[in-house]
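S.K.: Here's a structure for you.
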Amino acid sequence: MVFSSLLFLFYFLPVVLLLYFIVPKKWRNLVLFVSSLFFYAWGEPIYVVIMLFSTVVDYTHGWMVDNALKNGHRRKAKAAVVSSVVINLAILGFFKYGDFLIQNVNSVFGLGIPLMNLTLPIGISFYTFQTMSYSIDVYRREAKVQKNILDFGTYVTLFPQLIAGPIVRYQTVADELGSRRESFDEFGSGVKRFVTGLGKKVLLANTIGQVFTLVSAQDTAAMPVLTAWIGILAYTFQIYFDFSGYSDMAIGLGRMFGFHFLENFDYPYMSKSITEFWRRWHISLGTWFREYVYIPLGGNRKGPWRQIINIMIVWLLTGFWHGASWNFALWGVYFGILLMFEKLFLLKFLKKLPGIVGHIYTMFLVILSWAIFAFDSLPQGLSFIGAMFGLHGSSFMDSQSVYLLYTNLILFAILIVASTNYPQRWLRWCSEKFSKRPALPGAMQGVLLCAVFFVCIAFLVDASYNPFLYFRF
């Protein structure tokens, strides 16, 4: 079940909201817990057991860590943390990287070990990182131990952010699990954010995604340069509006139920360096790797060479986190090298240049990275990059290239504007302009959101194309 589906919008969500607000406050976590299990089981009925096992493991280990620290047994506490990390990574590794390891062992040693062909549990990369961080934060004394297993289970399984993030650290919602206040204002704010995300996903990501699907199905060896660039630009916007839209919907749903998740995107396509881009893109993942990998490895505290090694380790892991394929590893190393060069000298140079130069530099490298990222097959991705630069000897454009360009030109213009903060700035300007009549901007925004919602429904009723790119992670 996905947020951008009629099943979720007209059946699941209304029923959950009704149950949630009619029961006494003390039962609301139970409603969220049970409904979240149902939400997950709709697509993965067997793998609910894995998620519940992870919940019990980390709840138990959090208690063990806290108990050991209270009794002055720091070594026992550390052992419990290590145990939690090993169990979590073992589960993630088995399901996500088991076949990848077998394939590479077979390839290197000429063996014929059969593949397990396991279906990847939806959202396992997200909820594994969440549960694993809990016991680490308890050990660091950055979070209090949760003694109510229902509250902890609600945190792990909470359906708004369960399958695609943002990655919510326990300390972010610890207080709200036990005592949160729902209000009409917060609920209304959540609805606005949800509809905004729904519009991003259904109207923008899905529409431009069909262009990339059309282009990527073609033979790259004969693909004109312009067609390749139209295709990769389509994917550049699809992945942004797909994932940021889903994050907006998650944040909006959280607010409806009284939770406040941290932002996950901050207009990354306005960045003027790769370093800035990764402060704005998938913020929760970058924060997780910084807090639990980069800083524990020493960060930048042990000299420039050690910092370079730490950066490369983090980005190799970031690449593999996205998938068990060599294209993701290359994608991670690619960004690691770029960030390394920026840290050493390039960032200082970029700051002296006009902002537009830094923006062009950043977007060119980001667009190039999506060509590596978009294809599970590394050779296919590299071949697509070859087509982008005419390395296969194909023409610059053909009749299809021209057709794709002029039929999607207005859409690309909308996508460019929508990926910036200019619409938000325009809304603020309107609010200030009509400050003496504050009801007018609110009414205009309400009409606009209603229009977006109804158009989305029309698209969902008619369309069969409704993928979600981050489900595979």
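S.K.: Over all directions, the average projected area of the alpha-carbon convex hull for region 6-180 comes to how many nm²? Before the final figure, lay out each step's value.
M.R.: Numbers: hull surface 49.1 nm².
The orientation-averaged projected area of the Cα hull of region 6-180 comes to 12.3 nm².
S.K.: Only counting other Cβ atoms within 10 Å, I'd like S5, S183, S369 sorted with the fewest neighbours first. Mind dumping the intermediate values first?
M.R.: Numbers: S5 15, S183 10, S369 19.
The fewest-first ordering by Cβ neighbours comes to S183, S5, S369.
S.K.: Would you compute, from DSSP H runs of 4+ residues alone, the mean residue ellipticity of the chain at 222 nm, taking -39500 (n - 2.57) per run and dividing by the full residue count, rounded to the nearest 500?
M.R.: Per the formula, -22500 deg cm²/dmol.
S.K.: Something else now. Using DSSP to call loops (not H, G, I, E or B), can you name the trypsin sites (Lys or Arg not before Pro) in region 395-454 whose Cβ has at most 15 other Cβ atoms within 10 angstrom? Provide the component values of the computation, followed by the final result.
M.R.: Values: sites: R425, R428, K433, K436; in loops: K436.
Hits after loop and neighbour filter: K436.
S.K.: Continuing with this model, one more query. Need the C-alpha centroid separation for region 15-61 versus region 404-450, integer Å.
M.R.: Cα centres, region 15-61 to region 404-450: 37 Å.
S.K.: Take the alpha carbon gyration tensor of region 156-221, find the square roots of its eigenvalues, order them as a ≥ b ≥ c, and report rounded if a/c is under 1.5; if not, report prolate when a/b exceeds b/c, else oblate. Provide the component values of the computation, followed by the final result.
M.R.: On the way: a/c = 5.41, a/b = 2.10, b/c = 2.57.
Since a/c reaches 1.5 but b/c is at least a/b, the shape of region 156-221 is classed as oblate.
S.K.: With labels modelled as points extended 7 Å from the Cα through the Cβ direction, what inter-label distance (nm, one decimal) is found for M116 paired with L7?
M.R.: The two pseudo-label positions are separated by 2.6 nm.
S.K.: OK, next. Label region 186-462 by shape, choosing from rounded, prolate and oblate, from the square roots a ≥ b ≥ c of the eigenvalues of the Cα gyration tensor; if a/c is under 1.5 it is rounded, and otherwise prolate applies when a/b is larger than b/c, oblate when it is not.
M.R.: Values: a/c = 1.78, a/b = 1.17, b/c = 1.52.
In terms of gyration-tensor shape, oblate.
S.K.: Hey, another quick one. Output the relative contact order of region 275-341, whole-number percent, from Cα pairs under 8 angstrom with separation of 6+ residues. Each step should come with its number before you reach the end.
M.R.: Details: 50 pairs, mean separation 16.6, N = 67.
RCO, region 275-341: 25 percent.
S.K.: What net charge is computed for the residues neighbouring R181, neighbours being all others with C-beta under 12 Å from the C-beta of R181, Lys and Arg scored +1, Asp and Glu -1? Before the final figure, lay out each step's value.
M.R.: Details: positive: K25, R28, R180, R255; negative: D175, E176, E182, D185, E186.
With Lys, Arg at +1 and Asp, Glu at -1, the neighbours total -1.
S.K.: Can you classify region 20-76 as rounded, prolate or oblate using the Cα gyration tensor, where a ≥ b ≥ c are the square roots of its eigenvalues, rounded means a/c under 1.5, and otherwise it's prolate if a/b beats b/c and oblate if not? Before the final figure, lay out the partial values.
M.R.: Details: a/c = 6.86, a/b = 1.67, b/c = 4.11.
The shape class here is oblate.
S.K.: Okay, next question. How do E142, E276, E432 rank when sorted from fewest to most other Cβ atoms within 10 Å of their own Cβ? Can you show the working numbers first?
M.R.: Numbers: E142 14, E276 19, E432 9.
Arranged by neighbour count, lowest to highest, E142, E276, E432 become E432, E142, E276.
S.K.: Can I ask one more? S395 to E291: FRET efficiency via 1/(1 + (r/R0)^6), r the Cβ-Cβ distance, R0 60 Å, to the nearest 0.05? Before the final figure, lay out each step's value.
M.R.: Values: r = 49 Å, r/R0 = 0.82.
Taking R0 as 60 Å, the efficiency between S395 and E291 is 0.75.
S.K.: Run the simple label-point estimate for W42 and V417 please: 7 Å along Cα→C-beta, distance reported in nm.
M.R.: According to this spin-label approximation, the distance is 3.4 nm.
S.K.: Still on this structure: Among H260, A205, L378, flag the residue with its Cα farthest along the positive direction of the charge dipole of region 186-462, charges on Cβ as +1 for Lys/Arg and -1 for Asp/Glu.
M.R.: Comparing the listed Cα positions along the dipole, H260 ranks first.
S.K.: Could you give the length gained by full extension between A439 and V461, i.e. 0.36 nm per residue of separation minus their alpha carbon distance, to one decimal place?
M.R.: 4.6 nm
S.K.: Still on this model: Order by neighbour count: H73, H282, fewest other Cβ atoms within 10 Å first, most last. Don't jump to the answer; show the numbers that get you there.
M.R.: Values: H73 13, H282 21.
Arranged by neighbour count, lowest to highest, H73, H282 become H73, H282.
Every read-out reported here was derived from the displayed coordinates using simple, explicitly stated rules and does not represent laboratory data. All of these numbers come straight from a predicted model, not from anything done at the bench. Positions of Cβ are backbone-derived with ideal geometry, glycine not excepted, and every protein chain shown enters the neighbour counts.
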